[in-house]
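The values are calculated or read from the model by the stated rules, or taken from the named source; none is laboratory data. Just so it is clear, the model here is predicted, and its values are computed rather than measured. With ideal geometry, Cβ positions are generated from the backbone for all residues, glycine too; neighbour counts draw on all protein chains shown.
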Amino acid sequence: MKPLWKEEFSVRIADERYVSRRQLTKFLTLTSLGMFVGNLWILAKSWMRQDASYPVKAIAQRGEIPVGGVKLFDYPGPRDQCLLVRTAEDSYVAYSQKCTHLSCAVYYSAQANRLECPCHQGYFSIRDGSVLQGPPTRPLPRVVLERRGSELIAVSMQNQPEA
Amino acid sequence: MGPSTAQQNRGLTAVEGAMALIVLLLMVQVWLLSATLDAFLAGHRDTAVPGAIVSGLLFLACGGLYRFVVRLERQAKREPDP
């Protein structure tokens, strides 16, 4: 039977430095495992996302809004607000209204011909949604439009971030 | 008889070297995870596979270094008192 002092002090003082270092190394290795699991999670999400499909939805009639005018609509889900902008007589573009920085609602500035986020002065190009200035690092998700007769139809999204 | 103090110190130096290497690998892994996540959130999905493979390799390297540390500890342990 072990003496009581051996049960109370199970590690020799000379070995203690090894034990503390081994424990820290174990913690670091488990952290590394956590990082790996994080990467696997991203991989799983990206595989699941590839199967995502977008609804086909009529969002406006041609000529419904004036040149330089804006119409708000929801796409692809009922909580995903987007804006349709008529940039010229026969040109329409549509983007998600959620700023890619901190999700403030962007608006169209007809004077500057760009999309602006009022929260932190992030500006996006009306041509392709790319960042012109400010803290956002990612472009605005773009709604792909099609014309069917007199209707403008939203068919999918480009640069769609994860929810 | 257990190992001498010089042997103990040599073992500790090796353990500390392994720990420094693990910290370095971990920093690379943190960067890799943040870069993969950023690309994923931006809608680019082609970085997910190489990110996961490299992260797995880094984890295996960390695991190997941990086993090395455990082995060194076993070698350095003094024999129990009679």
Leading residue by the ranking (surrounded by the most Cβ atoms within 10 Å (Cβ to Cβ)) among those in region A:110-123 that are closer than 13 Å to A:THR87 by Cβ and in contact with a strand residue (DSSP E or B) (Cβ under 7 Å, 6 or more places away or on another chain): A:LEU115
Which listed residue, of A:ARG86, A:ARG127, is at pLDDT 90 or above, in a loop (DSSP other than H, G, I, E, B) and not aliphatic (A, V, I, L, M): A:ARG127
Residue, nearest to B:ASP38 (Cα to Cα), within region A:131-163, restricted to residues that are loosely packed, with under 13 Cβ neighbours inside 10 Å and of a type in the set (Ser, Thr, Tyr): A:THR137
Verdict on A:SER10 being small (Gly, Ala, Ser), exposed (fewer than 15 other Cβ atoms within 10 Å of the Cβ), more than 9 Å from every other protein chain (Cβ to nearest Cβ) and over 23 Å from the mean Cα position of the chain (by Cα): yes
Residue among A:VAL85, A:VAL56 that is more than 10 Å from chain B (Cβ to nearest Cβ), over 30 Å from B:ILE53 (Cβ atoms), surrounded by 15 or more Cβ atoms within 10 Å (Cβ to Cβ) and β-branched (Val, Ile, Thr): A:VAL85
Test: A:PRO66 is at pLDDT 90 or above, farther than 30 Å from B:PHE68 by Cβ, in a loop (DSSP other than H, G, I, E, B) and in contact with a strand residue (DSSP E or B) (Cβ under 8 Å, 6 or more places away or on another chain): yes
Criterion (surrounded by 15 or more Cβ atoms within 10 Å (Cβ to Cβ) and more than 22 Å from A:CYS82 (Cα to Cα)) met by exactly one of A:LEU4, A:LEU30, A:LEU43: A:LEU43
Yes/no for A:TYR95 being more than 14 Å from the chain's Cα centre (by Cα) and not hydrophobic (A, V, I, L, M, F, W, C): no
Candidates A:ARG62, A:ARG49, A:ARG79 - the one that is under 23 Å from the mean Cα position of the chain (by Cα), in contact (Cβ under 8 Å) with a residue 40 or more places away in the chain, farther than 15 Å from A:VAL144 by Cα and surrounded by fewer than 16 Cβ atoms within 10 Å (Cβ to Cβ): A:ARG49
Region B:13-71: number of residues that are facing chain A (nearest Cβ under 7 Å) and among the basic types (Lys, Arg): 1
Residue match in region A:114-131 (condition: in contact (Cβ under 8 Å) with a residue 12 or more places away in the chain and acidic (Asp, Glu)): yes
